[in-house]
Amino acid sequence: MSSFGSKPDEAELQAYVDKQLDDSRRAQIDNWLEENPEEAATLAHYRAQNRALHDAFEPLLGRPAGGRFQNLDRVRVNTSRVWQIAAVVALVLGAGGGWSANEYFHSGPNAELALARDAVVAHRIYEIEVRHAVEVPAKEEKHLVAWLSKRLEAPVRAPDLSIGGFQLVGGRLLPTESGPAAQFMYENEKGDRLTLYVERNRAGDETSFRFVEEDEVSAFYWKDGPLAYALIGRAAREQLLGLARATYSQINP
């Protein structure tokens, strides 16, 4: 044992990064790190990964729902478990497992979180635009749908959401870290806007409706066949659910 106490194990080092140690033990590890610069560099990498995880996941910790059309409150996220998993991911990435953050966050179950994150970010960017809200207007819907279908390499549709009082404004192609995505924008008489975000289903599996909410922006997102979808807006949850159902039924007549 050194004068700075016992060598910390991986769990203790992670607790150090997460600021969960008492002051006495933290001071001991501070001193130990001064004598072990390689370990100090590794912990600096852990901190950077933690910041990336917070940026990617924190806005998305909402309430995912089980079932496409009912019992939507049956499944809820255990946020402490999410962060436990995130901490493990940070350790794996920091340990040089050969993954890149982009490959991890856009594959497997994390692709769903990346889908919701990218969809909400795109909605926030374009919902406030006046002159440049869309790239192709609704009057060119046939061209818009054909163009986006070609770029996503799968049939894309612009659903009719007039049942909820929303009319198609138009759409655009979006760049994402995992490839091209489509965005359709809708607007009602009050000027409220919804967007439907569509990208390739990278994982290939299918999921039920999931729900997230952040700063009054809500989203239902799901994966179905070759594509993944997210419907986003500032509408009430039940209203957005009705529109998500309408979207799904038109995509899968």
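A short reminder: the numbers here are calculations on the coordinates, not readings from a lab. Because the structure is a prediction, the values reported are computed rather than measured. Quick reminder, even Gly has a Cβ in these numbers, built from the backbone with ideal geometry, and neighbours come from all protein chains shown.
The GluC sites (Glu not before Pro) of the range 178-253 that meet both conditions, a loop assignment by DSSP and at most 14 other Cβ atoms within 10 Å of the site Cβ, are GLU189, GLU206, GLU216.
Placing a label point 7 Å from the Cα of ASN188 along the Cα-to-Cβ line, the residues of the range 128-153 whose backbone N sits under 19 Å from it are 128-129. To the nearest whole percent, what portion of all C-alpha pairs in the range 112-251 is separated by more than 28 angstrom? The proportion of pairs with Cα distances above 28 Å equals 7 percent. Treating r as the C-beta distance of ILE128 and ALA11 and R0 as 51 Å, the FRET efficiency rounds to 0.70.
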